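Undergrad: Structure incoming, see below.
The values are calculated or read from the model by the stated rules, or taken from the named source; none is laboratory data. It should be emphasised that the depicted structure is a prediction, and the values quoted were computed from it without experimental measurement. Note that we place each Cβ from the backbone using ideal geometry, even for glycine, and neighbour counts take in every protein chain shown. For the accessible areas, the whole protein counts, side chains as well, though only heavy atoms, and no ligand, DNA or RNA atoms are used. Shrake-Rupley method; radii C 1.70, N 1.55, O 1.52, S 1.80 Å.
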Amino acid sequence: MGANTENKKTTLNSSSQYWLMKSEPDVFSIQDLKKNKTTLWEGVRNYQARNFMTKEMQVGDLVLFYHSNATPPGVAGLATVSKAAIPDPTQFDKKSEYFDPKATKEKPIWFCVEVKFVSEFPHFVSLEEIRKDAKLSEMMVIQKGSRLSIQPVKAKDFQHLQKLGQQS
DNA sequence: GCCAACGTTGGC
DNA sequence: GCCAACGTTGGC
């Protein structure tokens with residue numbers, strides 16, 4: 001046998017990934033995204049979520065748009081990552097609730113991707129429905145105490161959930 | 001409105 | 001570096 005030079009990281013980096021992103025519909029809903037076409041995903045102030053945006057998200061990745069703090073909570077539609085991470089402008093804005101006095105333009109702390117509307121599900125997939133579906137039992141969003149606002153989603157889970165959402 | 005789970009802060 | 005106190009998230 002010749003040299004074994006296979007590097008699994010390379011394949012991982014080049015393949016597109018799937019995400020779940022939470023938004024409170026009272027603040028910004030899938031209908032708002034539909035109207036605006038795109039939005040900067042501002043206000044993420046959690047390092048793990050930030051690192052997903054800066055290190056792993058790629059333009060073209062598909063996103064489950066999740067309504068949190070809603071009645072009921074659940075996945076309302078699909079979006080896609082349309083621009084790679086840039087410094088989150090709200091960290092520099094003293095009037096913003098997301099202002100961070102430790103951040104400077106030279107050394108920004110927080111980043112945001114741009115997200116583009118893809119579709120609103122004809123069938124809203126509620127958290128309860130996700131919980132009851134054995135096929136989706138590994139999804140992070142139903143794990144106890146999982147509060148992360150940006151979560152990776154497995155391809156098989158994404159595809160199954162998309163199928164549920166597209167039923168009319 | 002309650003509260004469990006989690007993340008961050010800051011004293012030591 | 002530990003960990004108690006505090007703040008936030010988000011389902012219910």
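Undergrad: Among the listed residues A:Val125, A:Val153, which satisfies the condition of being within 13 Å of DNA strand C (Cβ to nearest atom) and touching a Leu at 6+ places or on another chain (Cβ under 7 Å)? Even if it seems obvious, please write down each step before you answer.
TA: Details: A:Val153 fails: within 13 Å of DNA strand C (Cβ to nearest atom).
That would be A:Val125, the only listed residue that is within 13 Å of DNA strand C (Cβ to nearest atom) and touching a Leu at 6+ places or on another chain (Cβ under 7 Å).
Undergrad: Taking the residues in the stretch A:151-168 that are assigned to a helix (DSSP H, G or I) and of a type in the set (D, E, K, R) as candidates, determine which candidate is most open to solvent (accessible area, probe 1.4 Å). Lay out the reasoning, then the answer.
TA: Initially, the stretch A:151-168 is screened for residues assigned to a helix (DSSP H, G or I), giving A:155-166.
Going one step further and asking which of them are of a type in the set (D, E, K, R), we end up with A:156-157, A:163.
Working: A:Lys156: 107, A:Asp157: 4, A:Lys163: 137 Å².
Going through the qualifying residues, I end up with A:Lys163.
Undergrad: Give the stretch A:86-117 a look and list any residue that's in a strand (DSSP E or B), out of contact with any Asp or Glu (no Cβ under 8 Å at 6 or more places or on another chain) and open to solvent by less than 60 Å² (accessible area, probe 1.4 Å), or say none.
TA: Correct list: A:Pro87, A:Val113, A:Glu114, A:Val115, A:Phe117.
Undergrad: Also, quick follow-up: Before we move on, is A:Lys37 at pLDDT below 95 and either out of contact with any Leu (no Cβ under 8 Å at 6 or more places or on another chain) or under 13 Å from A:Phe111 (Cβ atoms) (or both)? Lay out the reasoning, then the answer.
TA: Working: at pLDDT below 95: no; either out of contact with any Leu (no Cβ under 8 Å at 6 or more places or on another chain) or under 13 Å from A:Phe111 (Cβ atoms) (or both): yes.
It is false that A:Lys37 is at pLDDT below 95 and either out of contact with any Leu (no Cβ under 8 Å at 6 or more places or on another chain) or under 13 Å from A:Phe111 (Cβ atoms) (or both).
Undergrad: Follow-up question, since we're still on this one. May I ask you to list the residues in the stretch A:19-52 that are of a type in the set (A, V, I, L, M, F, W, C) and outside any loop (DSSP other than H, G, I, E, B)? Reasoning before the result, please.
TA: Filtering the stretch A:19-52 down to residues of a type in the set (A, V, I, L, M, F, W, C) leaves A:19-21, A:27-28, A:30, A:33, A:40-41, A:44, A:49, A:52.
Selection gives A:Trp19, A:Leu20, A:Met21, A:Ile30, A:Leu33, A:Leu40, A:Ala49, A:Phe52.
Undergrad: A:Ile130 versus (1) part of a helix (DSSP H, G or I); (2) more than 17 Å from A:Ser23 (Cβ to Cβ); (3) touching a helix residue (DSSP H, G or I) at 6+ places or on another chain (Cβ under 9 Å): which is the lone unmet condition?
TA: That leaves (2) as the condition not met.
Undergrad: Tell me yes or no: at least one residue of the stretch A:60-78 is surrounded by 14 or more Cβ atoms within 10 Å (Cβ to Cβ), at pLDDT 95 or above, touching a helix residue (DSSP H, G or I) at 6+ places or on another chain (Cβ under 8 Å) and under 13 Å from A:Glu114 (Cβ atoms). Before you say what the answer is, go through the steps one by one.
TA: Just the residues of the stretch A:60-78 that are surrounded by 14 or more Cβ atoms within 10 Å (Cβ to Cβ), to begin with: A:61-68, A:70, A:73-78.
Going one step further and asking which of them are at pLDDT 95 or above, we end up with A:61-68, A:70, A:73-78.
The next check asks that each one be touching a helix residue (DSSP H, G or I) at 6+ places or on another chain (Cβ under 8 Å); those that pass are A:62, A:64-67, A:73-78.
Going one step further and asking which of them are under 13 Å from A:Glu114 (Cβ atoms), we end up with none.
So far as the stretch A:60-78 goes, no, none of its residues is surrounded by 14 or more Cβ atoms within 10 Å (Cβ to Cβ), at pLDDT 95 or above, touching a helix residue (DSSP H, G or I) at 6+ places or on another chain (Cβ under 8 Å) and under 13 Å from A:Glu114 (Cβ atoms).
Undergrad: While we're on this one: Restricting the search to the stretch A:118-150, which residues are surrounded by 14 or more Cβ atoms within 10 Å (Cβ to Cβ), over 18 Å from A:Pro25 (Cα atoms) and polar (S, T, N, Q)?
TA: Once the filter is applied, which keeps residues that are surrounded by 14 or more Cβ atoms within 10 Å (Cβ to Cβ), over 18 Å from A:Pro25 (Cα atoms) and polar (S, T, N, Q), the stretch A:118-150 yields nothing.
Each row is one residue, and each column tells you yes or no for (1) farther than 21 Å from A:Pro73 by Cα; (2) away from DNA strand B (no atom under 15 Å from the Cβ); (3) touching a residue at least 40 places away in the same chain (Cβ under 8 Å); (4) of a type outside the set (S, T, N, Q).
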position: A:Asp88; (1), (2), (3), (4): yes, no, yes, yes
position: A:Gln91; (1), (2), (3), (4): yes, no, no, no
position: A:Pro101; (1), (2), (3), (4): yes, no, no, yes
position: A:Glu114; (1), (2), (3), (4): yes, yes, yes, yes
position: A:Pro122; (1), (2), (3), (4): no, yes, yes, yes
position: A:Ile142; (1), (2), (3), (4): no, no, no, yes
position: A:Gly145; (1), (2), (3), (4): no, no, no, yes
position: A:Ile150; (1), (2), (3), (4): no, no, yes, yes
